[in-house]
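**Student:** This is the structure I want to talk about, given as structure tokens.
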């Protein structure tokens, strides 16, 4: 982050460090406009508007948000969109797309379109559930390790590293096969419990870099307790990384849970995209002329994953202007009158 | 004499003008608007001349420097004027064409050696890279020249094997300066090379730079925020404010008889260690916001001698006893030619 | 003699560095004894590595001393234990930090720090009173209109304004002593004077003492009543500011003075011969730590660490050579008769002057 080209008009800076009233938006929650702990001191409506502007200005953010909002809507109100009960095996089997069945029917006689619509809910629940849970665990462990240092740091690091080294998917397979058909809640717990280590590392690294910032020393010198410093002073300044951690964890949750379901370790009675893939594979969908049974759920998984990934990139760019694509906007030279 | 026996670069300094900057303007093209960082700056630099550019943060001096060295990256862009170095206009050259000039005829010394030097390579390896990149093939020549430049700056050549972190701050800066002199360039641009050093090391480095300049005959553009630093070393001094040249003349003259109220204020803001202890006031207020340039003189809001005219009409550069000054107080001498 | 506000005795701080296999000790601060009185600004000056920031952090109780003791209002700091006692001390001796961009939490409004200070240290105040107090201290440091500035975010203020916020936070605690760690080093030159004037007014109108840590002698002269020069973890010289600067006894002080760029003075010849970097003091042997750079070094300097001795009233220096010549005249002539510079120094200046060249 060492670009020495901070634009001018930045106020009384000494070594020309961060801009003061400068044109670059600041990294961090004040600019991302997220509501924070620490309450009333932070502007609400104004930062919401700024966030909206930041999202519309950034292409990745716009696409990602649109996709995510679409999927959330589908997951929240499946009954409004899906014409039929997804589990009902009452329709003619293995039919291609038609007016009544937009995607056709499965070899069990279920309406594929309804399945896809209803299948969104468990996936999104898992995504947000794991996202939140894993991020919270990662945050507690990572930040505590960084701030406490010493033996506590050492111990927490060992635990984190062990989990990091173990290949996650085989571990999930082993756990999943013990659990005999993991429903949504179990899936969330298992993936969160094994997947927090990666983001814990990242959060610890950032907390470490913040540890010697003077505002933390200033808090210490005015007499704040360590727990207060961690919760009120450190964590809010890490909000952008926490959001990134959330998106990362959500993305991997989507992919891992769908994969587990695909190989049959999920609960087959739950309708989700992963289980659709499982049934489709078992019934040789491609060979029997029902390619949509595999393609559509697969595509949905991909799109949801892409939404999280795009939002991740977008937040990076919003937070760190140096990462933005270099567009050289040619303004009219004649504009500047002299 | 090092200049004569060196197998690289010109032996004798060329006479005449080495650099002509004409109406150079640099803008930062941001989403929020354009920030005019450098506004039509013009000057000539003769061979072997030491030009000091001083100003506070936000005045555009570093941006100007980067523009001359063609090191600007988007969103910064040269939006007007020319930089004619040894007869060629550097603005608009491709990277390929520039690399023929870089380091051989023009080199740059950055503010902090720790940022500019590669921390995982030894000094000797970095000199090797630099020379290889500019066409010197023979290892023997490279080794010989590397030792030579280190000796020139007063470092024992055994340090070619050292890594940057093993050298002290002053030695690192000297190593950087030595690297800039590998090809005996005609112009060396320095961006606050001493600001990370303590006062004694700073003094010693300045003297060293001046000695090298007199020995090898290169021109120097030296950017700093500390006016007193260049007072004994530079031939001419340019004071910048708000992206414009405020005052420009022979160093001694600017110090002994400053014309622009900003120069006067700046000089008076340095408490002296000799002479009577007097209360000082500094210059209240902040530099202008260059995204939103006010009409009239940019220093008017802070000027103790402001007149009604200053707030409406922007002053041009006027001539006054050989010094150029951008202030209506001195418009009697007539406008400068460019 | 009344007990000074703050006094240190033999204050020492060592850090362990290196790997487990090659552990060495960095002597950041060694045997520092200083005193700060009421209503005075004391400048602690030195280059990087001199230990001045470490002293500040020791006084702020951010580090524990390896040896020695700090007495605040006569009571030893080591006896200050337990949350309430520590909190009270922190209210008496707060710290202002160097970096205006890193010393305020960017997430909250600037009122956050002041309000927390008031909440922690003056719990007897009602929220309304806290509000008023916050406005009072902001006005005292020149941040007006206080009510409006309090609502701003740090990135909306300039560097100079942020540093004033730092002072306001300290002032809200009604401190006896403010520990200011290089408060103006990262500000533009034209803004520094404003902050220095604020510091002087705090001493005059609020009766606060300030320990002003700096590497800039000129600003120390501008604002400080007394000056302490540190070198490589030791105190080199101390005394009233004008006295020390006009009659420097320690060769290092003389070197510093000659190296300060002053456009109004002609270039001091010979000063630049010193390559100029203070050592990192790792596992040092006894002796003066300035001996390798000192043109006046005698044999004793290489074996015996010079103690801080009072040479003139209130004016002490830690130098064997200076001790031998307590009179101003004698010291000057000693410098003029100094032996020719040792071979590793750059040869004498071309114009033939023989003096050691620190003037």
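**Student:** Return C:108, A:108 ranked ascending by Cβ neighbour count within 10 Å, so the fewest neighbours appear first. Provide the component values of the computation, followed by the final result.
**Tutor:** Numbers: C:108 25, A:108 14.
So the residues, fewest neighbours to most, are A:108, C:108.
**Student:** Continuing with the same structure: Binning at 10 angstrom from zero up to the longest distance, how are the C-alpha pair distances of the protein assembly as shown distributed in percent?
**Tutor:** With a bin width of 10 Å, the distribution comes to 2, 9, 16, 20, 20, 15, 9, 5, 3, 1, 0, 0.
**Student:** Still on this structure: For chain C, what does -39500 (n - 2.57) per DSSP helix run (n ≥ 4), summed and divided by total residues, give at 222 nm, in deg cm²/dmol to the nearest 500? Mind showing how you got there, number by number?
**Tutor:** Values: 12 runs with 116 residues, N = 359.
Value at 222 nm, helices only: -9500 deg cm²/dmol.
**Student:** Multiply the residue gap between residue A:63 and residue A:108 by 0.36 nm, knock off their C-alpha separation, and tell me the result in nm, one decimal place. Write down the numbers at each step before the final one.
**Tutor:** Numbers: separation 45, 0.36 × 45 = 16.20 nm, distance 3.55 nm.
Length gained between residue A:63 and residue A:108: 12.7 nm.
**Student:** What residues of segment B:161-188 lie in the reach of a label at residue B:129, counting those whose backbone N is under 12 Å from a point 7 Å from the Cα along Cα→Cβ?
**Tutor:** Taking a point 7 Å out along Cα→Cβ of residue B:129, the residues of segment B:161-188 whose backbone N falls under 12 Å are B:164.
**Student:** If you stretched the chain out fully between residue C:119 and residue C:48, how much longer would it get, using 0.36 nm times the residue separation minus the C-alpha to C-alpha distance? Present the calculation step by step, with values, prior to reporting the outcome.
**Tutor:** Numbers: separation 71, 0.36 × 71 = 25.56 nm, distance 3.58 nm.
That pair, residue C:119 and residue C:48, stretches by 22.0 nm at full extension.
**Student:** Normalised by the number of residues in segment B:116-182, what is the relative contact order in percent for Cα pairs under 8 Å and 6+ residues apart? All intermediate terms of the calculation are to be shown ahead of the outcome.
**Tutor:** Working: 66 pairs, mean separation 29.1, N = 67.
Reported as a whole number, the value is 43 percent.
**Student:** Work out the FRET efficiency for residue C:83 and residue A:189 from their Cβ-Cβ distance, taking R0 = 45 Å, and round it to the nearest 0.05.
**Tutor:** On the way: r = 39 Å, r/R0 = 0.86.
Computed FRET efficiency for residue C:83 and residue A:189: 0.70.
**Student:** Less than 15 Å from a label point 7 Å out along the Cα-to-Cβ axis of residue A:76: which backbone N atoms in segment A:109-142 qualify, by residue?
**Tutor:** A:121, A:124-125, A:128
**Student:** Here's a follow-up. Relative contact order, percent, of chain B when contacts are C-alpha pairs under 8 Å separated by at least 6 residues?
**Tutor:** Values: 623 pairs, mean separation 68.2, N = 338.
Here the relative contact order equals 20 percent.
**Student:** Is there a simple number for the mean count of other chain Cβ atoms within 10 Å of the Cβ of residues in B:28-36, and what is it?
**Tutor:** Details: counts 8, 6, 8, 11, 3, 2, 6, 7, 4.
If you average over the peptide's residues, the count of other-chain Cβ atoms is 6.
**Student:** When DSSP assigns beta bridges and you keep just the ones with both residues in chain C, what percent turn out antiparallel, to the nearest 5? Let's see the in-between values first.
**Tutor:** Numbers: 27 of 43 bridges.
For chain C, the DSSP antiparallel bridge percentage is about 65.
**Student:** Same structure again: Between Rg and the Kirkwood Rh of chain B, both from Cα atoms, what is the Rg to Rh ratio? Before the final figure, lay out the partial values.
**Tutor:** On the way: Rg = 20.7 Å, Rh = 21.1 Å.
Over the Cα atoms of chain B, Rg/Rh equals 0.98.
**Student:** Name the most mobile residue of C:185, C:158, C:48, meaning the one with the largest mean-square fluctuation, in a Gaussian network model of chain C with Cα contacts below 10 Å.
**Tutor:** Judging by the Gaussian network model, the answer is C:158.
**Student:** To the nearest 500 deg cm²/dmol, what mean residue ellipticity at 222 nm is calculated for chain B from DSSP H runs of n ≥ 4 alone, each contributing -39,500 (n - 2.57), summed and divided by the residues?
**Tutor:** Working: 11 runs with 96 residues, N = 338.
Taking each H run of at least 4 residues, the total per residue is -8000 deg cm²/dmol.
**Student:** How would A:228, A:84 line up from fewest to most surrounding beta-carbon atoms within 10 angstrom?
**Tutor:** On the way: A:228 14, A:84 18.
Ranking A:228, A:84 by Cβ neighbours within 10 Å, fewest first, gives A:228, A:84.
**Student:** Is the shape of segment B:116-182 rounded, prolate or oblate, going by the alpha carbon gyration tensor and its root eigenvalues a ≥ b ≥ c, with a/c under 1.5 for rounded and a/b larger than b/c for prolate?
**Tutor:** On the way: a/c = 1.78, a/b = 1.42, b/c = 1.25.
The shape class here is prolate.
**Student:** Treating each Cα of segment B:27-80 as an identical point scatterer and ignoring solvent, apply the Debye formula and state log10 I(q)/I(0) at q = 0.22 Å⁻¹.
**Tutor:** -0.91
**Student:** What order do you get for B:173-180, C:244-251 when each peptide is scored by the mean count of other beta carbon atoms within 10 Å, highest first?
**Tutor:** Values: B:173-180: 25.0, C:244-251: 22.9.
Descending packing order for the listed peptides: B:173-180, C:244-251.
**Student:** Using the beta-carbon distance between residue C:15 and residue B:143 and R0 = 45 Å, what value does 1/(1 + (r/R0)^6) give for FRET efficiency, to the nearest 0.05? Don't skip to the answer; put the middle values down first.
**Tutor:** Working: r = 39 Å, r/R0 = 0.86.
The value I calculate is 0.70.
**Student:** Turning to a different aspect of this structure: So the label point goes 7 Å from the Cα of residue C:292 along Cα→C-beta, right? Which residues of segment B:112-156 then have their backbone N under 16 Å from it?
**Tutor:** Once the point is set 7 Å along Cα→Cβ of residue C:292, B:155-156 turn out to lie under 16 Å by backbone N, inside segment B:112-156.
**Student:** Mean-square fluctuation check for chain C, GNM, Cα pairs under 10 Å: which of C:175, C:278, C:127 is largest?
**Tutor:** Comparing C:175, C:278, C:127 in a Gaussian network model of chain C, the most mobile one is C:127.
**Student:** Over all Cα pairs of segment A:183-290, how is the pair count split among 5 Å bins, expressed in % and running from 0 up to the last occupied bin?
**Tutor:** Computed distribution, short to long bins: 2, 10, 16, 14, 11, 10, 9, 8, 6, 5, 4, 2, 1, 1, 0.
**Student:** Using the 10 angstrom Cβ neighbour count as an exposure proxy, how do A:141, C:217 rank, fewest first?
**Tutor:** Numbers: A:141 21, C:217 25.
In increasing order of surrounding Cβ atoms, one gets A:141, C:217.
**Student:** Now for a different question. Please find the FRET efficiency linking residue C:309 to residue C:185, where r is the Cβ-Cβ separation and R0 is fixed at 30 Å, and quote it to the nearest 0.05.
**Tutor:** On the way: r = 31 Å, r/R0 = 1.04.
After rounding to 0.05, the efficiency reads 0.45.
**Student:** Could I have the simple spin-label model distance between residue B:335 and residue C:62, label points 7 Å from Cα toward Cβ, reported in nm to one decimal?
**Tutor:** 5.4
**Student:** Need one value for C:113-121: mean number of C-beta atoms belonging to other chains within 10 Å of its residues' C-beta atoms. If you can, show how the numbers build up before the last one.
**Tutor:** Details: counts 4, 1, 1, 8, 5, 1, 1, 5, 2.
For peptide C:113-121, the averaged partner shielding equals 3.
**Student:** Can you give the mean number of other chain Cβ atoms that lie within 10 Å of the Cβ atoms in peptide C:148-157?
**Tutor:** Details: counts 0, 0, 0, 2, 0, 6, 5, 12, 4, 5.
Per residue, the average neighbour count from other chains is 3.
**Student:** Under a GNM of chain C (C-alpha, springs under 10 Å), which listed residue has the highest mean-square fluctuation: C:220, C:28, C:79?
**Tutor:** Largest GNM mean-square fluctuation: C:79.
All of the numbers you see were taken from the coordinates with simple rules; none came from a lab. Predicted, not measured: the structure shown is a model, and the values here were computed from it. So basically every Cβ, Gly included, is an ideal-geometry build from the backbone, and we count neighbours across all protein chains shown.
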